[in-house]
Amino acid sequence: MEGTTVQRPHATAALACSAALLLATLTACDSEAEADSRKPTAPHGVTVQASSATSAHVMWEPATDDTAVTGYEVYRQGRKVKSVPAVKVMIDVDGLTASTAYTFTVRARDAAGNLSAPSAAAAVTTPAPTPADHEAPTTPVKLRGKADGSRAATLSWGGSTDDVGVTSYDIYQEGSRIHSVPGAQTTARLTGLRPGTVYTFTVRARDAADTSSPDSNTFDLTTATAPGAPASTAPTDLRITSSAQGKEYAVDLDWKQPETGGKIPAYQLYLDGRLTTTIVWGGEPPAGRASYRLTVTDPRGTRYSMKIRAKLPDGKWGDFSAARTVVLGG
């Protein structure tokens with residue numbers, strides 16, 4: 001009929017589908033927004049200490065979120081100065097002025113961009129500059145400690161001396177700084193560790209000129225396994241030496257093999273945190289202690305951190321050994 005519009009069935013269906021799709025999309029977006037609209041909790045336990053006359057070290061305890069914390073923002077006098085990923089709960093802030101008071105706060109951030117409320121403020125005053133402080137602190141001694149269950153540990157050591165003064169002690173785990181305490185403190189409690197894991201710690205003293213001492217002795221510590229977890233499969237008593245072989249160096253390793261219920265067909269060797277080689281026995285795997293020689297061409301004085309792990313009878317890779325340090329020609 002003239003003047004009448006006929007709505008074709010397939011067109012009507014298409015419009016209905018489009019409307020339904022748009023509605024579903026909007027509903028999904030609304031649901032996602034509603035699903036992560038909560039702010040993370042504010043970080044707690046914030047502490048700050050002067051690392052030198054122009055820098056400070058800020059630390060805090062992890063925040064929580066209904067979905068996940070993805071990072072932290074550090075504020076100085078209310079102004080953001082640093083952003084760090086969620087795996088880090090400490091940061092150094094440089095560019096400060098000597099003999100000056102500062103306050104720091106920390107906020108947690110989630111994947112949706114929600115920011116927590118600021119933490120409680122932590123205050124610090126940087127020391128006066130020490131231009132005459134050219135000597136490094138002495139080495140911390142007798143590093144020792146114990147595991148506090150499966151996720152924490154306490155370390156202690158003999159204090160260092162410095163011609164001006166020790167401002168902080170830095171705790172390292174396999175060469176990476178994981179914690180710092182004030183210079184008047186010779187103990188540290190570490191949290192957030194993994195159950196049934198071997199950790200290798202060292203400590204360095206630092207002065208106001210930001211000069212660090214040599215490493216303390218190395219201390220190995222194994223956290224308790226989680227209830228019901230299998231025993232550790234880490235190789236133990238790893239020993240490393242080096243010797244000159246013409247223009248090269250031979251690095252000799254030997255270790256006590258773990259009890260795995262079967263023969264160990266191979267090991268992985270990590271150098272400075274990176275996989276260097278897979279050790280595969282040419283014949284029958286050795287019993288008791290095992291050994292391996294690595295040849296390198298780096299110059300005398302090169303320092304390596306090395307650790308190994310075994311291939312288990314079921315084909316999986318086991319736990320890492322404690323890390324050991326070797327200096328070529330040392």
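Any residue in region 224-236 that is in a strand (DSSP E or B) and touching a residue at least 24 places away in the same chain (Cβ under 8 Å)?
yes
Could you tell me whether Ala208 is aliphatic (A, V, I, L, M) and within 22 Å of Asp94 (Cα to Cα)?
Yes.
Among (1) modelled with pLDDT under 85; (2) over 26 Å from Val326 (Cα atoms); (3) among the aliphatic types (A, V, I, L, M); (4) part of a strand (DSSP E or B), there is one condition Val181 misses while meeting the rest; what is its number?
Among (1) modelled with pLDDT under 85; (2) over 26 Å from Val326 (Cα atoms); (3) among the aliphatic types (A, V, I, L, M); (4) part of a strand (DSSP E or B), the lone unmet condition for Val181 is (1).
Could you tell me whether any residue of region 70-78 is at pLDDT below 90 and over 18 Å from the mean Cα position of the chain (by Cα)?
no
Would you be able to say whether some residue in region 92-102 is farther than 30 Å from Asp66 by Cβ, touching a residue at least 60 places away in the same chain (Cβ under 8 Å) and outside any loop (DSSP other than H, G, I, E, B)?
Checked region 92-102: no residue is farther than 30 Å from Asp66 by Cβ, touching a residue at least 60 places away in the same chain (Cβ under 8 Å) and outside any loop (DSSP other than H, G, I, E, B).
How many residues are part of a strand (DSSP E or B) and either aliphatic (A, V, I, L, M) or surrounded by fewer than 21 Cβ atoms within 10 Å (Cβ to Cβ) (or both) if we restrict to region 159-169?
Result for region 159-169: 1.
The values are calculated or read from the model by the stated rules, or taken from the named source; none is laboratory data. Here the structure is a predicted model, which means the values were calculated and not measured. Methodologically, a virtual Cβ is constructed for each residue, glycine included, from the backbone with ideal geometry; neighbour enumeration extends over all protein chains shown.
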